[in-house]
Amino acid sequence: MLTGDGSLSERSGALPVKERNKKAAVIGAGLSGLTVAWELVKKGYPVTIFELSEQPGGKILKESEERMPRHIIEKDFAPLINNSMLETCWGSGVGVSGGMVNFADLLARYDAIYLGTGSNYALPAGVDLTFDEQGFPSHDPKTLATAIDKVFIGGSLILESEKRSPIESVSHGKIAALSIDRFLQGVSLTAGRSREGAYETLLYTSLKGISPEPVYIEDRPGELPNSEQTLQEANRCLLCTCLECVKACPYLEHYGSYPKKYVREIHNNLIIIKGGRGANEKINSCSLCGLCAEVCPGNLDMGEFCFKARKKMVETGKMPPSAHDFALQDMAFSTSELVALHRHQPGFSKSRALFFPGCQLSASSPHYVGRLYTYLREKIDGGVGLSLSCCGAPAQWAGREDLFNENIDLLKKNWTALGNPAIITGCPTCFSVFRKVLPDLDCETIWTVLDRVGLPENSGAGVKMKKLAVHDACTTRYDKPLQNSIRNILLALGHQVQELENSRETTTCCGYGGLMSYVNREVARKVVEKRIAENPEDYLAYCAICRDHFAARGKRTYHLLDLIFGSSDHDLAGDQGPGFSKRQENRYRCKKSLLKKVWGEEIQTREPGFELAISAAVRSSMEERMILTGDIIEVISHARSSGNVMENTETGTMVAYYKHRNVTYWVEFTVENESIYHIQKAYSHRLVIKG
Amino acid sequence: MSETSKILCSRCGIYLTMGTVTLTYLEASFPAELYKCAKCGLVYIPEDLALGKMAQVEKTLEDK
């Protein structure tokens, strides 16, 4: 408040306040009394100061001119002393004897009185206060109120000598002024004051990476530091903040603030009746990975908060349809008859175990699903069934509890029909979902199984032994047995394990979790880039999506199955992974080939009756725009059957559109021999053309 | 945009002309001036419009 640089007067001049009709008296113009006067004047109360000496300042005037130059003190006090709301009575002691201001008169004339007469003065005569055990005038330490109505007390008068300091006096002044203001307004003196004065902060500040610096200013009486030392000392201040989660999470960093503010914004977003919901994107961009809760000293989980917000948005019909539609359609595909399958092993009417590879492993590496299934059947007696479907994580992340529960119920029904076998998942996310919602289910991942039963013969023949940096899956960040099995398998294959700085419980998301990459590609890109910059070694992932996300950004990454089944004639770590359309096609091919190979059944593929020719550039644009080959087929099929086609006579291309599910897809193309469609362009919108 | 486009409706054999088209999304409905076939009503929405203005309108309506 009193700064010595003149800024006080400039600031205070800009704040006109309305004069109030109640007035206060301050007895003693030391730092506590001056602070009370300043705080009350700022609030519009007329204040009269009664001071025994002829000038303000109290004990600080005892400091040397060198240490406390008087012109600076005067400059600091000037805005108060010259304030029109303040009356000053210098040389006016308060007491009962002749020449003194009578305390009883003050009680009658003023609405509140502050006693700040300092340690050198006794309590003014006529002030009828009892004394506590330590010999100080009795008062409430929280509010500084005394037993006399409207009289407050503070400063060195009630401070033990070792606790007296200018800071304590100013603190007392602020506390007393707040009490007086509340008293004059007739409101509670005590409500909501728990964080006043000194209290133990909850603020955590990491000292990681901060090297200790020496104290530049030694406390030597009578010796003043030079300006260089003063600046060096000031620069030692860390400007304490926590921000542990913001440092760890590119999503939290992206929005330029920190969770306390985000929580408020999200809360407001949920309760707003009319107007823009500006936090929708923020709510839907979080990966829900739980890293923030892990690194937060207070365990604040933004993911849990965003997850609940999503469910609320769905419940109230305020979830933007575009946010998760693509992922939910993809899940619908994975659970459809076209690609889902639930079977006993051929020749068995019971299943002791059931292999559930998960939709993303089938999409990224359908060939490994077949190899694994063969191996599991060899190693596990009593029948190993196969369950091709999706665990429902996309619906859960999208806040669609209805779809999620529907899917879990369907899986349970299918598994019950197969005799409730133990589930072996190929994907850590499926495992985490089942373990959470089906706690009674006997479930583990292929990794703990392989660690236990041993690896297939000739495992690892395709990949040279090397050092690999292990990226743990964020959905199983607390699963130590799984994480240990990954490392055991790597060692068994002869590789060296490089631990990333953020591994196991502090592992990061790959940019897919929570459907982040569908909602906010920029944040997802930042998440991937931060992760892949952590270590120069090739990475090892055991979630198909993690592997593909890193590889797509140019980080050489193996899936653990690459190290077991991979072939040396293929650059396994450099493979960019399939796009959205290819992923769906792979799931379909996975079912088709397994049905043929294991059960000897054929399924007939329905051909559209025409061919598509799509260049790499157009495919890349489709991927960016989340348009599937299947969407293009729908548009062309509709154009062929309806005749609704246009021709751009300027470019010579044909144009057709078709609303498929909730999106209208546009395709520009040329036709070769009436059966080969060369796709030039594809785009879409969600606005509906009503004609 | 000129009144007549370079977009030919293959079925009707006529060039699309500017006309009023109703667009809807969520609970909103509004008119837009777009090229359409005066005979069969087929509409043409160019790529830049779909990915520009229309995408903005979609986002605004979704966040309302």
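Tally Lys and Arg at +1 and Asp and Glu at -1 over the other residues with C-beta under 9 Å from the C-beta of A:Asp538: what net charge comes out?
Net charge in that neighbourhood comes out at +3.
Indicate the gyration tensor shape class of the stretch A:323-592 (rounded, prolate or oblate), computed on the Cα atoms with a ≥ b ≥ c the square roots of the eigenvalues: a/c under 1.5 is rounded; otherwise a/b larger than b/c is prolate and the rest oblate.
Working: a/c = 1.58, a/b = 1.15, b/c = 1.37.
Because a/c hits 1.5 or more and a/b fails to exceed b/c, the stretch A:323-592 counts as oblate.
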Task: Paramagnetic reach from A:Lys436 in the stretch A:237-273 [backbone N under 11 Å; point 7 Å along Cα→Cβ] - done: none
TODO: For A:Leu455 paired with A:Glu315, estimate the spin-label separation in nm (one decimal), with each label point 7 Å from Cα along the Cα-to-Cβ line.
DONE: 4.8 nm
TODO: In Å³ and rounded to a whole number, note down the convex hull volume per residue for the Cα atoms of chain A.
DONE: 258 Å³
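Within the set of other residues whose C-beta is less than 14 Å from the C-beta of A:Leu338, count the net charge using Lys and Arg as +1 and Asp and Glu as -1.
Here the charged neighbours net out to +3.
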Open item on the list: For A:Lys412, give me every one of the aspartates and glutamates with a C-alpha distance below 18 angstrom, ignoring sequence neighbours fewer than eight places off in its own chain.
Closed with: A:Glu337, A:Glu401, A:Asp402, A:Asp440, A:Asp442, A:Glu444
TODO: Mind counting lysine pairs for me in the stretch B:4-62? Cα separation below 24 Å, and the two need to be 8 or more apart along the chain or on different chains.
DONE: 4
Task: Fraction of beta bridges assigned by DSSP in the protein assembly as shown that are antiparallel (%, nearest 5) - done: 50 percent
Open item on the list: Give the average, rounded to an integer, of partner chain Cβ atoms located within 10 angstrom of each Cβ in B:12-25.
Closed with: 2
Open item on the list: Using the basic label-point model (7 angstrom from Cα toward the beta carbon), what is the A:Leu612 to A:Ile217 distance in nanometres?
Closed with: 7.1 nm
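Using a Förster distance of 30 angstrom, determine the FRET efficiency expected from the C-beta separation of B:Thr4 and B:Gln56, and round it to 0.05. Spell out each step's value before the answer.
Working: r = 27 Å, r/R0 = 0.91.
Efficiency for this residue pair is about 0.65.
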Open item on the list: Projecting each Cα onto the charge dipole of the protein assembly as shown (Lys/Arg +1, Asp/Glu -1 at the beta carbon, about the Cα centre), which of A:Leu341, A:Cys509, A:Trp90 comes out farthest on the positive side?
Closed with: A:Leu341
Open item on the list: Check which residues have an amide H placed less than 5 Å from B:Leu23's amide H, if you skip close sequence neighbours.
Closed with: A:Lys690, B:Phe30, B:Ala32
Task: Residue order, fewest to most surrounding Cβ atoms within 10 angstrom, among A:Val618, A:Val263, A:Val26 - done: A:Val263, A:Val618, A:Val26
- [ ] Within 10 Å of each residue's Cβ, count the other Cβ atoms and sort A:Trp90, A:Trp397 from fewest upward.
- [x] A:Trp90, A:Trp397
TODO: Per DSSP H run of at least 4 residues, take -39500 (n - 2.57); add these up for the protein assembly as shown, divide by its residues and hand me the 222 nm value, nearest 500 deg cm²/dmol.
DONE: -11500 deg cm²/dmol
Task: Within straight-line cross-link reach of A:Lys530, aspartates and glutamates at Cα separation under 13 Å, skipping those fewer than 8 residues along the same chain - done: A:Glu253, A:Glu501, A:Glu522
Task: Set of lysines near A:Lys18 by C-alpha distance (under 26 Å), chain-local residues within fewer than 8 positions excluded - done: A:Lys42, A:Lys43, A:Lys75, A:Lys150, A:Lys174
Task: In the stretch A:244-319, lysine pairs with alpha-carbon atoms under 19 angstrom apart (chain gap of 8 or more, or interchain) - done: 15
TODO: Quick one: order B:Asp63, A:Asp76, A:Asp451 by neighbouring beta-carbon count within 10 Å, fewest to most.
DONE: B:Asp63, A:Asp451, A:Asp76
Task: Most positive-pole-ward Cα, A:Gly155, A:His139, A:Ile113, against dipole of the stretch A:7-185 from beta carbon charges - done: A:Ile113
TODO: Could you tell me which GluC sites (Glu not before Pro) in the stretch A:629-691 are loop residues by DSSP with no more than 13 other beta carbons within 10 angstrom of their beta carbon?
DONE: A:Glu650, A:Glu674
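FRET efficiency for A:Glu63 and A:Asp128, Cβ-Cβ distance as r, R0 = 41 Å, nearest 0.05?
Rounded to the nearest 0.05, the efficiency is 0.75.
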Open item on the list: Using a 7 Å offset from Cα along Cα-Cβ at A:Leu270, what residues in the stretch B:46-64 end up with backbone N under 19 Å from the label point?
Closed with: B:63-64
Task: Magnitude of the charge dipole, the protein assembly as shown, Cβ model with Lys/Arg +1 and Asp/Glu -1, debye to 20 - done: 2260 debye
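If you count, for each residue, the other Cβ atoms within 10 Å and average over each peptide, how do A:280-287, A:398-405 line up from highest to lowest? Write out the running numbers ahead of the final one.
Details: A:280-287: 24.8, A:398-405: 19.0.
Peptide ranking by packing, descending: A:280-287, A:398-405.
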- [ ] Could you pull out every residue, at least 5 positions away or on a different chain, whose amide H is within less than 5 Å of the one on A:Leu612? Hs are placed 1.01 Å off N in the peptide plane, and Pro or chain starts have none.
- [x] A:Tyr677
TODO: List the residues whose amide H sits under 5 Å from the amide H of A:Val645, counting only those 5 or more places along or on another chain, with H placed 1.01 Å from N in the peptide plane.
DONE: B:Ser10, B:Arg11
TODO: Past 23 Å, Cα to Cα, is the threshold; run A:Lys555/A:Lys591; A:Lys466/A:Lys555; A:Lys436/A:Lys480 against it and keep the listed order.
DONE: A:Lys555/A:Lys591
Task: DSSP H segments from chain A that extend 27 Å or more along their own axis, Cα-based, with Kyte-Doolittle mean of -1.0 or above - done: A:166-185
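Every number here is computed from the coordinates shown, using simple stated rules; none is lab data. Keep in mind that this is a model prediction, so the values were computed, not measured. No Cβ is skipped: glycine too gets one built from the backbone with ideal geometry, and neighbour counts run over all protein chains shown.
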